[in-house]
Amino acid sequence: MSKETVTITDNRTGKSFECAIKNGTHGQPVIDCQALPKEVGMFTFDPAFMTTASCESAITFIDGDQGILLHRGYPIEQLAENSSYLEVCYLLLYGELPKKGELDQFNAEIKSHTMLHEGLRNVFSGFRRDAHPMAMLLGVVGAMSAYYHDSMDIYNPTHRNLCAMRLIAKLPTIAANSYKYTMGFPYAYPRNDLGYTENFLQMMFSMPSEEYKISPTAAKALETMLILHADHEQNASTSTVRLAGSSQANPFACIAAGIATLWGPAHGGANEAVIKMLDEIKDVKNIPSFLAKVKDKDSATRLMGFGHRVYKNHDPRAKIIRGICHELLNELDTAKTPAFEIALELERIALEDEYFIQRKLYPNVDFYSGIILSALGIPTNMFTVMFAVARTVGWISQWKEMLEEPSMKIGRPRQLYVGAANRNFIPMDKR
Ligand code: CMC
């Protein structure tokens, strides 16, 4: 069988070069252009990596045109319906759904790592009380590098696994501590008699002074939220984790780099931005004027929670999350907020508007996730932290996959230099 190729011809010299076409399991094939600089003396130019596949990965597949999201081949809808978050973590990390005994062992191992080193808990007290919880999460996860030296040999598979366990287990504890610290409340220790999500809720909301009852509705909604955010192939934060990891940096530092990237409003900060936007709109009657501002090219206002770099049809996660919003609305009084009513109407109007139709802009996962988190009592500044808790497994699975490739190289994009041409230094008195 002849090898499929694409011919690249340099029309200045007539020199041609055959680039191999590589096919994956699903999705568009890619042109392997690694030999291009050597063969034709040029790099490819692709700002924002709009058309570049940076790695091979067997973890997550997205078809943005069809609105499909698969983890290890399993559709997100089926995982959200039938799995627990820790089962999805196992799947992402090890490639297969666990058998009962394997899942029990995984759960037990995660539980054995939920506590934080007491020294690490003290790191929180160095922050201002009004620090953003993302700043604390970023700092404390980075500081894990200073506390867990026994798992930092990145070339040792046991160490890599231990790091993954520690990160998945401790992120909820760090997240809850960040919140408690900003509030001036005492930290709650993890309770290993509870499930992952229930334990997080008790660490967030329990007080020594009274009994805290965990709402099963809240726990189920949060569990689904975590599943929906667990991984999303080579997005900005995941690519950052891979790039940091490619320099052989320790995994805690790499995850901290991912957290930093996630913080931006174009990425994980969007859920927080959606709630701010809904608050700003205030009333359904103000939606038309708000949308006029969004469509005005002279205004920087965007409809937050709409649009996606990859999904150009619908975001399958948004559909699931919208369903949870409705369930919560029926079951929790805290869900009955004007924000949900405004969001529904905003979505309805935008989906019928030519501006959004033409540009294939649909609600993404973050359009509704903030509404759910608010209904669960989670404050707005903790939304991106929640996203980070959920995404940690995706980051560490992708990091692990990269480390396990025999041919791992440091990531190093090139550039098209457009600055001043080579020139001689001008002494101060001649400038
Ligand atoms: N509101 C208004 N216009 C928009 C929006 C929006 N949310 N998103 C894109 N556009 C317009 C944009 O102005 C441009 O119009 P034109 O062609 O006239 O210049 C066109 O649509 C294409 O936009 P783009 O910025 O080139 O698209 P992108 O693929 O680079 O951006 C995005 C993707 C997610 C950054 C962007 O849609 C956005 O800023 N959305 C709002 C923020 C948001 O919800 N982010 C969460 C993403 S999902 C969670 C995650 O995976 O992290």
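What the table below lists for this structure:
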| quantity | calculated |
| --- | --- |
| Difference of contour (0.36 nm per residue) and Cα-Cα distance, Thr51 to Lys297 | 86.0 nm |
| The chain: most fluctuating residue of His132, His117, His26 per GNM, C-alpha cutoff 10 Å | His26 |
| The chain: relative contact order as a whole-number percent, Cα under 8 Å and 6+ apart | 19 |
| Accessible area of segment 5-53 divided out per residue, in Å², using a probe of 1.4 angstrom | 78 |
| Apportionment of accessible area to carbon and sulfur, the chain, percent (1.4 Å) | 54 |
| Heavy atoms of His314 accessible to a 1.4 Å probe, total area in Å² rounded to 10 | 60 |
| Candidates Ala388, Ala421, Ala257, ranked by Gaussian network fluctuation over the chain, Cα under 10 Å, top entry | Ala421 |
| Largest to smallest accessible area among Val284, Val40, Val274 [probe 1.4 Å] | Val284, Val40, Val274 |
| Coil-residue GluC sites (Glu not before Pro) of segment 168-222, DSSP, other Cβ within 10 Å capped at 15 | Glu211 |
| 1.4 Å probe accessible area per residue over segment 269-376, in Å² | 49 |
| Amide proton proximity set for Gly307, modelled H, under 5 Å, gap of 5+ | Tyr362, Asn364 |
| Separation between Cα centres of segment 343-369 and segment 303-331, rounded to whole Å | 10 |
| GNM result for the chain, Cα springs below 10 Å: residue of Asp153, Asp32, Asp298 fluctuating most strongly | Asp298 |
| Segment Thr380-Arg359, length gained on full extension (0.36 nm per residue, minus Cα span) | 4.7 nm |
| Cβ-Cβ FRET estimate between Lys22 and Glu327, R0 fixed at 60 Å, reported to 0.05 | 0.90 |
| Ser16, Ser246, reordered so the largest accessible area comes first (probe 1.4 Å) | Ser16, Ser246 |
| Lys99 versus Tyr187: modelled label distance in nm, points set 7 Å from Cα along the beta carbon direction | 3.9 |
| Label-reachable residues, segment 400-428, where backbone N falls under 19 Å from a point 7 Å from Ala58's Cα toward its Cβ | 400-409 |
| Added length on full extension, which subtracts the Cα-Cα distance from 0.36 nm per residue, Glu39 to Met115 | 21.9 nm |
| Trypsin sites (Lys or Arg not before Pro) within segment 340-409, DSSP loop, no more than 13 other Cβ atoms inside 10 Å | Arg359, Lys409 |
| Segment 329-431: chymotrypsin sites (Phe, Trp or Tyr not before Pro) in DSSP loop, at most 12 other beta carbons within 10 Å | Tyr417, Phe425 |
| Ellipticity estimate at 222 nm from DSSP helix runs (n ≥ 4, -39,500 (n - 2.57)) divided over the chain, nearest 500 | -15000 deg cm²/dmol |
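The values are calculated or read from the model by the stated rules, or taken from the named source; none is laboratory data. From a predicted model like this one, the values you see are computed outputs, not experimental measurements. Every residue, glycine among them, receives a Cβ derived from its backbone with ideal geometry; neighbour counts consider all protein chains shown. To get the accessible areas, we keep the full protein, side chains included, count just its heavy atoms, and leave off ligands, DNA and RNA. Shrake-Rupley method; radii C 1.70, N 1.55, O 1.52, S 1.80 Å.
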